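For reference, the structure is listed below as structure tokens.
The values are calculated or read from the model by the stated rules, or taken from the named source; none is laboratory data. Note that the structure is predicted; figures quoted are calculated from it, not measured. Glycine gets a Cβ as well: all are built from the backbone with ideal geometry, and neighbour counts include every protein chain shown. Surface accessibility is based on the protein's heavy atoms, side chains included, excluding ligands, DNA and RNA. Shrake-Rupley method; radii C 1.70, N 1.55, O 1.52, S 1.80 Å.
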Amino acid sequence: MIQIKNLSKRYGSKEAVRGISFCVSKGEIVGFLGPNGAGKSTTMNMLTGYLSATGGSASIAGFDVLDDAYEARRHVGYLPEQPPLYFDMTVNEYLNFVYELRRATQKKEEHISDICARVGLSDVRARLIKNLSKGYRQRVGIAQALIGDPDVLILDEPTVGLDPNQIVEIRNLIKSLGEDHTVILSTHIIPEVVAVCTRIVVINEGKIVADGKTEEIMQDLGGENRYEAEIDGDEDVAIACLAGIAGVLDVSKPGKKYIITAKEGLDIRKDVFLAAAEQNLPLLSFAKAESSLESIFARLTNKGGEN
Amino acid sequence: MKAIFRRELRAYFTGGYGWVFCGAFSLLAGLLYFALSISQYQSDFRHVFSNMLVAMIFLIPLVTMRIWSEEKKQKTDQLLLTAPINVGEIVLGKFFAALMLFLIALCVTLIYPILTHAFGTLDVGVTVGNYIAIILAAAAYIAVSQFMSSLSESQIISALLSMLTLSAFYFLDLIFQATTSEVLSGISRFLSIITRYRDFSGGVFSLSDAIYFVSLTVLFLFFTTRVIEKRRWS
């Protein structure tokens, strides 16, 4: 459905996207994961024809985004990072405008009603967009992308700035959209891709550093064996004590908590408790550390370098 | 193009710009009609219209400054430029919406020839000539201002740029009147809006002057299209 070959974009001397390639087949929900400034939005803007690539090519539903721009755009619904809303219009007027702008061929009234029902806008159709809450505005943005029933949906950070309830709702909505659309969504939130996507493409500094099924990538990422401990008492004694435990590779104290890195696959929790007790060091809290986005990217980028 | 035209025209009136423009335009036209026609016992509209032409240098940019600047700022241009539609159509839709707003404002002034006709003698040729000329000039003004709006995200900057450019076009022949150079004064007479306007306002339909205004309009609409297209490459 989507084919990207060696796509690159240069802004002056800065190369935002450096020759990325991947394909998305019909029905996939692809999570485009990367830290801010990695080139996610630029790639999406190139796919939708808002920006032109400086190298390589991309096609949607078989239409090149540059040579067959008109046909390619007909097949894409796009929700940019900031939903492109006209605040002086009501939801209904806005969706009617987008319908005409995109030259949709579906039955107008029915089509717009269906979309509103699907994204949960039916109750606010007569309201001015400027009076809607952020969550509703985001829904209008998604509704706008659905007009004309495009095969491909490109959603740039669709849950950013929403409250936790709204995030869950929008994620469920995207999952249901994935049943009859090909979806690419960008995000820098790992649990989001795990919850929604069937496949993950990780991008960093304009290059793809990982690409695969969600479970595979997550398994790869979950391997790091790190713990966080809060310990009362003298710092040097505590570090010496923790470092002395068999299987511990590294102990550091960047903030209030001690970070203990152990050999992969080894459970050191019992040993830590006993060792601390032996030294009369009260263990205030202790937990397995979640991999942070930064550490994951660091690992993936290193791996990308090794390959 | 129709969708853009309708949205723009609607936005003028929901956003208030349109009402303010119509009000200001009517007020100025009314004052000029009173000062230069009624109080002078003149049935000739020439001076009313040529003064309106100067006022429009400042009025029109105030309406058109938002045309592209605001889209860029609110990022709604992402919707327009990723829709299956030509940039040219968007530019034309916006142009005709602004022109329509001007025509609506101009309609109010139709009452003046009617009044003059009722209480005096109306020179129909001169009146029609003036109306044609002011519409042609307004079209050119709008095209120039739309172009300036495409250059900057700031509405103030785009309005100032338009006012400067339009004043330059308007006063070109005054600036070069002093020159003795045949070439310079030839160029200035060729480009000056005021020179081009004169024949029309005398009630003579001049094809070459009409072509001048239309070319100016088309040229700047084309420039606007190029500027918007070029953004994809930046």
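Summary table
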item: Most mobile listed residue (A:229, A:240, A:61) in chain A, GNM with C-alpha springs under 10 Å; result: A:240
item: Solvent-accessible heavy-atom area per residue, rounded to whole Å², over the range A:118-162 at 1.4 Å; result: 35 Å²
item: Span per principal axis, largest first, for the Cα atoms of the range B:115-173 (Å); result: 49, 25, 15
item: Exposed-loop-free span, longest in chain B, where chymotrypsin sites (Phe, Trp or Tyr not before Pro) count as exposed if DSSP calls them loop and at most 10 other C-beta atoms lie within 10 Å; result: B:42-232
item: Inter-centroid distance (Cα atoms) of the range B:204-226 relative to the range B:23-91, Å; result: 17 Å
item: Unsatisfied cross-links (Cα-Cα over 20 Å) in the set B:73/B:94; A:130/B:75; A:134/B:94; A:40/B:230; A:40/A:207; A:5/B:73; result: A:134/B:94; A:40/B:230; A:5/B:73
item: Loop-resident sites, the range A:170-270, for trypsin sites (Lys or Arg not before Pro), counting at most 10 other Cβ within 10 Å (DSSP); result: A:256
item: Chain B: radius of gyration over Cα atoms, expressed as a fraction of 2.2 N^0.38 Å; result: 1.06
item: When the convex hull of its Cα atoms is projected in every direction, mean area for chain A (nm²); result: 19.3 nm²
item: Rel. contact order, % - alpha carbon contacts under 8 angstrom, at least six apart, the range B:2-233; result: 27 percent
item: Computed FRET value (nearest 0.05) for residue A:246 with residue A:216, which takes r as the C-beta separation and R₀ as 30 Å; result: 0.45
item: Whole-percent pair-distance distribution, where bins are 10 Å wide, for the alpha carbons of the protein assembly as shown; result: 3, 15, 20, 18, 14, 12, 8, 5, 3, 2, 1, 0
item: Relative contact order of the range A:49-146, pairs being alpha-carbon contacts under 8 Å that are 6 or more residues apart, as %; result: 31 percent
item: Two-site label geometry, residue A:264 and residue A:198: point separation in nm, points 7 Å out along Cα→Cβ; result: 2.9 nm
item: Calculated SAXS-style log₁₀ I(q)/I(0) at q = 0.10, 0.20 Å⁻¹ - the range B:138-234, Debye, Cα scatterers; result: -0.33, -1.02
item: Whole-number percent relative contact order across chain A, with pairs defined as alpha carbons under 8 Å at least 6 apart; result: 19 percent
item: Full-extension gain in nm, residue A:13 to residue A:123, via 0.36 nm per residue minus C-alpha separation; result: 34.7 nm
item: Cα→Cβ-extended label distance, 7 Å offset, between residue A:237 and residue A:113, nm; result: 7.6 nm
item: Size descriptor, Kirkwood hydrodynamic radius, that averages inverse alpha-carbon separations across the range A:97-175, Å; result: 13.2 Å
item: Cβ-based net charge around residue A:243, under 11 Å, with every Lys or Arg adding one and every Asp or Glu removing one; result: -2
item: For q = 0.13, 0.17 Å⁻¹, Debye-computed log10 I/I(0) when each Cα of the range A:59-191 counts as one equal scatterer; result: -0.52, -0.90
item: Within straight-line cross-link reach of residue A:175, lysines at Cα separation under 17 Å, skipping those fewer than 8 residues along the same chain; result: A:26, A:213
item: For the range A:39-49, 3J(HN,Hα) per residue [Karplus equation, 6.51 cos²θ - 1.76 cosθ + 1.60, θ = phi - 60°, Hz, x = Gly/Pro]; result: x, 5, 5, 4, 4, 5, 5, 6, 5, 8, x
item: Nearest-10 value in Å² for the accessible area of residue A:188, using the 1.4 Å probe; result: 50 Å²
item: Gap separating the Cα centres of the range A:228-286 and the range B:93-113, nearest whole Å; result: 79 Å
